[in-house]
Each structure stands twice: as C-alpha cells, then as structure tokens.
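**Q** Here you go, one structure.
The values are calculated or read from the model by the stated rules, or taken from the named source; none is laboratory data. Remember, it's a predicted structure, so these values are computed and weren't measured experimentally. A quick note on method: Cβ atoms are made from the backbone with ideal geometry, for glycine too, and the neighbour counts reach across all protein chains shown.
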C-alpha cells in the first residue's frame, strides 16, 4: 500500500508537517458527539429545539451564512437511542484508535480530512449530507487493514470484519447502480479517501483473485486433458497386449497330451 512507501507524497508531507497532526482524533470526535447527544437529550426533555438542528449540513442555509454547518455535521450522532449511540461511539473510537495506532496520527488525520472534504463536496452536490459515509469510510479502512478481526454481531455472534465490509460494499454497489448520476458522483466523493488510500491494495487483491482463477481453470483443463490422454494410452496398451498373446486353445492341448 502506497502509504507505507517512504518516497510517497504522504510520507514526505509527514516528515515536513507531521508535527501539526492532532493525536487521538477519534477520541476527540467521540467526546464531541457525546456532548451533542447529551445536549439534544436535555433540550428534548425541556421541549426545546434540538441543538443538533443548528449543526446539520444544509446547503441552502450554508449559502445564507451559516457556514459553521460545514464543520459541525461531522459530530452529529447518527442514532437517537442511548444504547445505539453508546455502542456506535465506542465502535467509532475503537476502530479509529486502531487505525491511528497502525498508521500514526498524521496519516490518520489525512485520511479523515480527505473523507471530510469528500463529504462536504457530496453535500454541495446533493444539497445535504451526514457523517454516515465518513464514518463508514473508517470502518472500511479498518476492515481492509484487519480483515480477519472478529466482532460480536448482536452481542453474541462472532463474525469476521471482512464479511460485514462485504455487506456494506454490496449495499454501496447496489445504491450506485440504482441511483442517478448526481448520487453516484456524491457517493464517489464521499468514499474518495478509501479509494485514494487503498486502490492499489484493492487492485492487487482483485487481480490476484482473477489470476488464481485463471490458473485453476488452466490447471483443471490441463489435468483433464492429461486424464484423457492417459486413458487413451491405457486402452491402446491393452489392445496391443491382447493381440500379442498366443492362442490359448492350442497351447493348452499341446501341454496336456505332450505332442
């Protein structure tokens, strides 16, 4: 993967401006999202407008001057249920911290920044956006880096992360196929960070899969041809043996009477 290359653009940037990276970015975002949820919960109890209503991405309102929405949509929680919010925030922190540990703070910051910019571009194309695809990009990155890792589905079913990623990819592909071109472009922008960071990795995996398939087909075809030739050779060998055998009747009579 190119981000492991010391001569890559990303590595050169890290050597120059890596000191400006924000450490523990996932933890900071989780704290911000938890604060927004608690603020919404408190305002809902008091029957007041939700705080998150002033944070959502809305192109029309942004163009009218509410520019903070360009930034604040990233910390609006996806769920309303306290349990789901707690689990989603924990999972976000879990995968974010692991990716940051593997890559380092700078590269993780760049990955999140690229996903953020893609989401903003998608929002201006569609008129709205959420942090759903931005958070999904983190999960896909985690699944690519740790494909064999296991999580508990529904709290008790162990399942490898790669199978959950395949399900998400299938949904994204279906969504891409059935959507119009505006939505397709928005999807590509939203997941631009995954594409840019992992396109080589995905290309090698796909090409390796098809190369193995071609080898297997060629091997099977060659093996079947070998079996056919071997059966023909054995049939010919049997015919030759039968033709070369002497007459059994004559031999048996001569031996019996001594003539």
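**Q** Between 159, 98, which is farther than 18 Å from residue 196 by Cβ, free of Cβ contacts under 8 Å to residues at least 60 places away in the same chain, under 20 Å from the mean Cα position of the chain (by Cα) and not in a helix (DSSP H, G or I)? Give the steps one after another, and end with the answer.
**A** Numbers: 98 fails: not in a helix (DSSP H, G or I).
Going through 159, 98 in turn, the sole match is 159.
**Q** Quick test for you: out of 90, 133, pick the one residue that is under 25 Å from residue 52 (Cβ atoms), in a helix (DSSP H, G or I) and over 15 Å from the mean Cα position of the chain (by Cα).
**A** It is 90.
**Q** Right, another one. Starting from segment 124-147, take each residue that is on the phi < 0 side of the Ramachandran plot and touching a residue at least 60 places away in the same chain (Cβ under 8 Å) and list its partners that are in a strand (DSSP E or B) and buried (at least 17 other Cβ atoms within 10 Å of the Cβ), counting only C-beta distances under 8 angstrom and pairs at least six apart or across chains.
**A** Note: pairs meeting the criteria are 128/57; 128/58; 129/57; 130/57.
**Q** Kindly indicate whether residue 153 is modelled with pLDDT under 90 and in contact with a helix residue (DSSP H, G or I) (Cβ under 8 Å, 6 or more places away or on another chain).
**A** Considered against the rule, which asks whether it is modelled with pLDDT under 90 and in contact with a helix residue (DSSP H, G or I) (Cβ under 8 Å, 6 or more places away or on another chain), residue 153 comes out as yes.
**Q** Looking at 162, 216 in this structure, which one is surrounded by 12 or more Cβ atoms within 10 Å (Cβ to Cβ) and modelled with pLDDT of 70 or more? Quick ask: steps written out before the conclusion?
**A** Numbers: 216 fails: surrounded by 12 or more Cβ atoms within 10 Å (Cβ to Cβ).
Only one candidate qualifies: 162.
**Q** Going residue by residue through segment 71-93, is there one that turns out to be in contact with a strand residue (DSSP E or B) (Cβ under 7 Å, 6 or more places away or on another chain), buried (at least 20 other Cβ atoms within 10 Å of the Cβ) and modelled with pLDDT of 90 or more?
**A** Looking for residues that are in contact with a strand residue (DSSP E or B) (Cβ under 7 Å, 6 or more places away or on another chain), buried (at least 20 other Cβ atoms within 10 Å of the Cβ) and modelled with pLDDT of 90 or more, one finds at least one in segment 71-93, hence yes.
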